[in-house]
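Scroll down for the structure; my scribbles are underneath it.
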Amino acid sequence: MTPASNNTSKLPVVLRADEVWKSYDDGAINVLKGVDFEAVEGQTVALCGPSGCGKSTLLHLLGGLDEPDRGRISVNSVELNRHRSRIRLLRYEIGFVFQLHNLIPDLTLEENCLIPTVAAGINRSSALARLKDLTDRTGLSHRLNSRIQKLSGGERQRTALCRALMNHPRILLADEPTGSLDEHTSSTVFQLLLDIAATEGVTLVMATHDRALAARCDRLVEMHDGRIREPQHL
Amino acid sequence: MIFLKLILTNLLRHRIRSLISIAGIAFSVAAMLTIVTILQGAVGMFSGILSSDSQIIVFERNVSDLFFSNVPASALAEISTWPMVQHADPVLFGVVTSSDHPIITCFGITASDARLRKATWIEGSRGNFAHEPNDVVLGQRAAEFLHAHLGSSVAIGNGTFHVAGIVKTANGFEDGGVFMPLAAAQSFFHKPGASSVITIKLTDKKFAEAFKQRVKASYPDLIALEDEEFTRSYSQFKILKATAWTVGGCGLILGGLGVANTMIMSVFTRIREIAILRVNGFSNAQIATMIFGESALVSVFGAIMGLLLGTALLFILKLIPALHGYVDVTIQPLVVLIVIVLSFLTGVAGALYPAIYAMRVRAVEALRFE
């Protein structure tokens, strides 16, 4: 146990997976095989493991994008079992960042970032103030009216990060957020992710292949063949 | 604002497809507007013939068409004497032919008839009407296509008639018709002593109900209807209106299928975008609103273009000499409203399946294949 893990052990658990199973193709492909996982408030967790080991699937289940075949997922101590709570979850409690930015190409940076606020019905002036804050911190404030096609890969991923944080979620789930970036940009974006997670106080759970980057997180969780082999506290 | 931009962006992203969809609705709306307006105009003109300076029409009960109605002269004679009647004008309708025109409407009337009183006499005068049994007065358009003028002879049906006057009337049917002395028309159409209808002007409109009841009591084979009642209930008008709306409706359904096709393609080609919106908290209702909003915009643009196109078409039709007087381009606001509402509903119906499909998009599956 490291000092960091000692500190976090008294914090509330915000994400929990209990004996979660998930398969595809009518059970032909078992992706998760009884995963137990939890993350506490403000913690940064790296999910590491080879391709196909179930990292992304676990993130999707934790974020309410998919449902487990068996087991329970809880966010902030509330079990995800109803559609309505999933909408609320995606609007206010969880932000997603994907490997590909998943921005809408015909909209500007500003418009892309405002999408979650439109979904949640947040008034425009509050949304714009939040956007200004985030783009100042991510160095994108001069690109607000740029279309997505005009942005570099790093800028796109930072835009996706801003969008994910627009509604002040307490949890950020990132699926290979630097997977499509070059080494230098990858490191910069990753550090930005950690810095913002720290200043916003959000819990960050991130799937990554890059062990060097993963080492910068509070905790590394190793996955293999649909199971969590052993959690490591860094 | 972003919501609207999401809708507009998608329409602009596939401009040609959107334009084809809008054109589909526009042509449907134009077709519906044109057909309905022409037929309503025709109905209005025919009603106008009957209600010329009168409030009530008397005709034979249960006839499918006024051309088959026979009102005996005895009824006309008696009804004319009723104190509530200011004047009663018999009209005998008939269809005659000439060498180039298979259908010409013929009106057998008396010299005192309102149609001749109200008409503008281009050649001849009302005093000359019915001096001779074979005298006819032609509507201006009829005179044009029969190449007739005052004093000339025209061959109509099996007879040859002397043109005693040419009149201009606002009514297309009358302007393209032939006015014959009643007696000559009765002889020509083998309906001695009969008329098709009697048009009645009352001394006061408040006697209308009493008049109708008296006709019912005195002449069980006849029926008296106020002009508006007649327009509403005459089966030929009903058939015409139903036909117009049905044909127009079919056009709109075709337009709606075009919208449906566009919207289905629109949803299929941006499943990923819908998934992104879902991940960012869009509910089913918001996704559906976006899809319906898109189809509603297509429908509204289509309806506006269709109304402009239809109006232009009606004006062009009005300019065609052969249709002069037949096409009434007075577009009724109610028709415009109905057309807009129908096109809107068609667009929404066209978006129903695409919206349901979009609501079923599972973000996790759509985003998995990066």
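The values are calculated or read from the model by the stated rules, or taken from the named source; none is laboratory data. As the structure is a prediction and not an experimental result, all values here were calculated from the model. Note that each Cβ is placed from the backbone with ideal geometry, even for glycine, and that neighbours are counted across all protein chains shown.
Taking only pairs six or more apart or across chains, which ones have beta-carbon atoms under 8 Å, a first residue in segment A:172-201 that is part of a loop (DSSP other than H, G, I, E, B), and a second residue that is surrounded by fewer than 20 Cβ atoms within 10 Å (Cβ to Cβ) and of a type in the set (A, V, I, L, M, F, W, C)?
Within 8 Å, the pairs are A:Ser180/A:Leu100.
Read through the list (1) closer than 18 Å to A:Tyr92 by Cβ; (2) more than 12 Å from chain B (Cβ to nearest Cβ), then give the number of the only condition that A:Ala119 fails.
Of the numbered conditions (1) closer than 18 Å to A:Tyr92 by Cβ; (2) more than 12 Å from chain B (Cβ to nearest Cβ), the odd one out for A:Ala119 is (2).
Output yes when any residue across segment A:168-179 is modelled with pLDDT under 90, touching a strand residue (DSSP E or B) at 6+ places or on another chain (Cβ under 6 Å) and surrounded by fewer than 24 Cβ atoms within 10 Å (Cβ to Cβ), and no when none is. Explain how you work it out, then say what you get.
Narrowing segment A:168-179 to residues modelled with pLDDT under 90: A:176-179.
From what is left, the residues that are touching a strand residue (DSSP E or B) at 6+ places or on another chain (Cβ under 6 Å) are A:176-177.
Now restrict to residues that are surrounded by fewer than 24 Cβ atoms within 10 Å (Cβ to Cβ): A:176.
So far as segment A:168-179 goes, yes, one or more of its residues are modelled with pLDDT under 90, touching a strand residue (DSSP E or B) at 6+ places or on another chain (Cβ under 6 Å) and surrounded by fewer than 24 Cβ atoms within 10 Å (Cβ to Cβ).
Does segment B:15-32 contain any residue that is modelled with pLDDT under 80 and either in a helix (DSSP H, G or I) or out of contact with any His (no Cβ under 6 Å at 6 or more places or on another chain) (or both)? Lay out the reasoning, then the answer.
Initial filter on segment B:15-32 (modelled with pLDDT under 80): none.
Scanning segment B:15-32 turns up no residue that is modelled with pLDDT under 80 and either in a helix (DSSP H, G or I) or out of contact with any His (no Cβ under 6 Å at 6 or more places or on another chain) (or both).
Somewhere in segment A:204-218, is a residue crowded, with 20+ Cβ neighbours inside 10 Å, touching a Ser or Thr at 6+ places or on another chain (Cβ under 8 Å) and in a loop (DSSP other than H, G, I, E, B)?
Yes: one or more hits.
Among A:Glu111, A:Glu93, A:Glu79, which is the only one that is surrounded by fewer than 17 Cβ atoms within 10 Å (Cβ to Cβ) and at negative phi? Can you show your working first?
On the way: A:Glu111 fails: surrounded by fewer than 17 Cβ atoms within 10 Å (Cβ to Cβ); A:Glu93 fails: surrounded by fewer than 17 Cβ atoms within 10 Å (Cβ to Cβ).
Step by step, each of A:Glu111, A:Glu93, A:Glu79 is checked, and only A:Glu79 is surrounded by fewer than 17 Cβ atoms within 10 Å (Cβ to Cβ) and at negative phi.
In the list B:Val329, B:Val364, B:Val341, which residue meets the criterion of being surrounded by fewer than 22 Cβ atoms within 10 Å (Cβ to Cβ), not in a helix (DSSP H, G or I) and not basic (Lys, Arg)?
On the way: B:Val364 fails: not in a helix (DSSP H, G or I); B:Val341 fails: not in a helix (DSSP H, G or I).
That would be B:Val329, the only listed residue that is surrounded by fewer than 22 Cβ atoms within 10 Å (Cβ to Cβ), not in a helix (DSSP H, G or I) and not basic (Lys, Arg).
Just to confirm my filter: which strands (runs of 3 or more DSSP E) fall fully inside segment B:74-154 and include at least 2 residues that are farther than 20 Å from B:Ala183 by Cβ?
Details: elements: B:85-96, B:104-109, B:120-124, B:135-139.
Of the strands (runs of 3 or more DSSP E) lying wholly inside segment B:74-154, those with at least 2 residues that are farther than 20 Å from B:Ala183 by Cβ span B:85-96, B:120-124.
Within segment B:33-57, track down each residue that is modelled with pLDDT under 80 and either within 14 Å of chain A (Cβ to nearest Cβ) or closer than 17 Å to B:Ile338 by Cα (or both).
B:Gln40, B:Gly41
Under the condition of being surrounded by fewer than 16 Cβ atoms within 10 Å (Cβ to Cβ) and not in a helix (DSSP H, G or I), which residue from segment B:211-230 is nearest to the chain's Cα centre (by Cα)?
In this case the residue turns out to be B:Asp221.
Being outside any loop (DSSP other than H, G, I, E, B), small (Gly, Ala, Ser) and either in contact with a Pro (Cβ under 6 Å, 6 or more places away or on another chain) or surrounded by fewer than 20 Cβ atoms within 10 Å (Cβ to Cβ) (or both) is the filter here; which residues of segment B:155-171 pass it? Break it down into steps so the answer makes sense when it comes.
Residues of segment B:155-171 outside any loop (DSSP other than H, G, I, E, B): B:155-156, B:159-168.
Then drop every residue that is not small (Gly, Ala, Ser), which leaves B:155, B:159, B:164-165.
The answer is B:Ala155, B:Gly159.
If B:Met359 satisfies all but one of (1) within 14 Å of another protein chain (Cβ to nearest Cβ); (2) without any contact (Cβ under 8 Å) to a residue 60 or more places away in the chain; (3) surrounded by fewer than 19 Cβ atoms within 10 Å (Cβ to Cβ), what's the number of the condition it fails?
(2)
Could you grab me the full set of residues in segment A:1-20 that are surrounded by 13 or more Cβ atoms within 10 Å (Cβ to Cβ) and at pLDDT below 90?
A:Ala4, A:Ser5, A:Asn7, A:Thr8, A:Leu11
Here is a yes/no grid of residues against (1) within 14 Å of another protein chain (Cβ to nearest Cβ); (2) under 18 Å from the mean Cα position of the chain (by Cα); (3) at pLDDT 90 or above:
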position	(1), (2), (3)
B:Arg232	no, yes, no
B:Thr243	no, yes, no
B:Thr246	no, yes, no
B:Leu252	no, yes, no
B:Ile304	no, no, yes
B:Leu309	no, yes, yes
B:Ile338	no, yes, no
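Of everything in segment A:24-53, what is within 13 Å of chain B (Cβ to nearest Cβ) and on the phi > 0 side of the Ramachandran plot? Give them in sequence order.
Once the filter is applied, which keeps residues that are within 13 Å of chain B (Cβ to nearest Cβ) and on the phi > 0 side of the Ramachandran plot, segment A:24-53 yields A:Asp25, A:Gly52.
Of all the residues that make up segment A:60-92, how many are more than 10 Å from every other protein chain (Cβ to nearest Cβ), in contact (Cβ under 8 Å) with a residue 24 or more places away in the chain and not small (Gly, Ala, Ser)? So that I can check it myself, show each step before the final result.
Of segment A:60-92, the ones more than 10 Å from every other protein chain (Cβ to nearest Cβ) are A:62, A:68-82, A:85.
Next cut, in contact (Cβ under 8 Å) with a residue 24 or more places away in the chain only: A:62, A:68-77.
Among the residues that remain, those that are also not small (Gly, Ala, Ser) are: A:62, A:68-70, A:72-73, A:75-76.
Counting residues in segment A:60-92 that are more than 10 Å from every other protein chain (Cβ to nearest Cβ), in contact (Cβ under 8 Å) with a residue 24 or more places away in the chain and not small (Gly, Ala, Ser) gives 8.
Among the numbered criteria (1) over 20 Å from the mean Cα position of the chain (by Cα); (2) more than 14 Å from chain A (Cβ to nearest Cβ); (3) surrounded by fewer than 19 Cβ atoms within 10 Å (Cβ to Cβ), which single criterion is violated by B:Arg13?
Failed condition: (2).
When only residues in segment A:120-152 that are part of a helix (DSSP H, G or I) and touching a Lys or Arg at 6+ places or on another chain (Cβ under 6 Å) count, which is farthest from A:Thr188 (Cα to Cα)?
A:Ala120
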